[in-house]
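Okay, structure first, notes after.
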2 protein chains.
Amino acid sequence: MKDVLQLIFSRRSIRQYQPRPVPRELLIDLLRAAMAAPSAVDKQPWEFVVVTRPERMAELQAVLPYARYNAPAAIVVCGVPERAQNEPTGSYWVQDCSAATENLLIAATGLGLGTVWTGVYPVTERVQAVQKVLGLPEGVIPLGVILVGYPAEEKPPRTQYREDRVHWEQY
Amino acid sequence: MKDVLQLIFSRRSIRQYQPRPVPRELLIDLLRAAMAAPSAVDKQPWEFVVVTRPERMAELQAVLPYARYNAPAAIVVCGVPERAQNEPTGSYWVQDCSAATENLLIAATGLGLGTVWTGVYPVTERVQAVQKVLGLPEGVIPLGVILVGYPAEEKPPRTQYREDRVHWEQY
């Protein structure tokens, strides 16, 4: 599959969406992709909240001013630190949930959907506001809100490859 | 591209490799995929060290006992926190570099290569050991070591989708 690079380069942050809803089966496909991600010691420390009702989207976006794009759906990727691989010096939950998120974005691209990853964690007030809106318990941390919909803007595929960021054999 | 799910499900952690080396142009393709990842405020706070020389691989693996698989190459994904989007309550660098890593793993799968993501950060002694071997300055943090090569084991595509991890409209 030589066009894997084309697929990955086609994943762009989409901020304008068509009004038509995303079929439930496609949303589930995105979650199947997310949960195919690797996680440290295979702990899979993730939970997902899917938002599609307009009034619920409005409540979510009311607390996230920087995420007010007109997408018909959102998938909130959450981590459960106590379920993750934890070390004395920190946890792997952010890496695990970020890998799941990136899988979701790539899958959306391949399925003709657009997405934008809007950050929540580690901004405490955003974490708490999203927890409140979605009824998340304290131990379930929203990492990011992924807006999902059919794109109403076109962006060319691209990488931001920079040779000076690559070091051979040593730094 | 309906087979995007098949691609994503085919990314499995590979721990047995063929001895043949990975062509340099394919390693660069992986880095082009990695640097197509999104990052908070487009800060791209990443650096990559590619290791292919057998003696260098041996040095790296000497300090990472859990990464001693017979891969001919490794890509060390590093973050530069001071270059990332930083908030008073934390940094986005881990999320950014994890997204880049996952892109790299998916690209490898599509190009017929196998990979396994072995964690370094947040384990302080591993971070320091890898910094020493690769000559990384203190502000360049190795997030993970990705082993890369042609697979010598076959694993079926799969997701670990669980319906009970999905919540509709609220938790």
Residues (touching a residue at least 24 places away in the same chain (Cβ under 8 Å) and surrounded by fewer than 19 Cβ atoms within 10 Å (Cβ to Cβ)) located in the stretch B:33-55: B:Val41, B:Lys43, B:Thr52
Any hit, the stretch B:27-48, residues being over 27 Å from A:Arg12 (Cβ atoms) and within 11 Å of another protein chain (Cβ to nearest Cβ): no
Positions within the stretch B:97-125 being in a loop (DSSP other than H, G, I, E, B) and not aliphatic (A, V, I, L, M), in sequence order: B:Gly112, B:Tyr121, B:Pro122
Any pair with Cβ under 9 angstrom, 6 or more apart, that starts in the stretch B:1-24 at a residue that is farther than 10 Å from B:Val148 by Cα and crowded, with 18+ Cβ neighbours inside 10 Å and ends at one that is aliphatic (A, V, I, L, M) and at pLDDT below 95: B:Leu7/A:Met1; B:Leu7/B:Met1
Residue match in the stretch B:157-171 (condition: out of contact with any Pro (no Cβ under 6 Å at 6 or more places or on another chain), in contact (Cβ under 8 Å) with a residue 24 or more places away in the chain, surrounded by fewer than 17 Cβ atoms within 10 Å (Cβ to Cβ) and not small (Gly, Ala, Ser)): yes
Positions within the stretch A:49-71 being away from chain B (no Cβ under 13 Å), within 19 Å of A:Thr101 (Cβ to Cβ) and assigned to a loop (DSSP other than H, G, I, E, B), in sequence order: A:Leu64, A:Tyr69, A:Ala71
Any hit, the stretch B:11-34, residues being in a loop (DSSP other than H, G, I, E, B) and touching a helix residue (DSSP H, G or I) at 6+ places or on another chain (Cβ under 6 Å): yes
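Rundown of residues vs (1) touching a residue at least 40 places away in the same chain (Cβ under 8 Å); (2) more than 9 Å from chain A (Cβ to nearest Cβ), yes/no style:
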| residue | (1), (2) |
| --- | --- |
| B:Val80 | yes, yes |
| B:Gln95 | yes, no |
| B:Glu102 | yes, no |
| B:Trp117 | yes, no |
| B:Glu125 | no, no |
Residue, surrounded by the fewest Cβ atoms within 10 Å (Cβ to Cβ), within the stretch A:127-151, restricted to residues that are in a helix (DSSP H, G or I) and more than 7 Å from chain B (Cβ to nearest Cβ): A:Lys132
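The values are calculated or read from the model by the stated rules, or taken from the named source; none is laboratory data. These numbers were taken from a predicted model, which means no experiment stands behind them. Ideal geometry is used to build each Cβ from the backbone, glycine not excepted, and the neighbour counts take in all protein chains shown.
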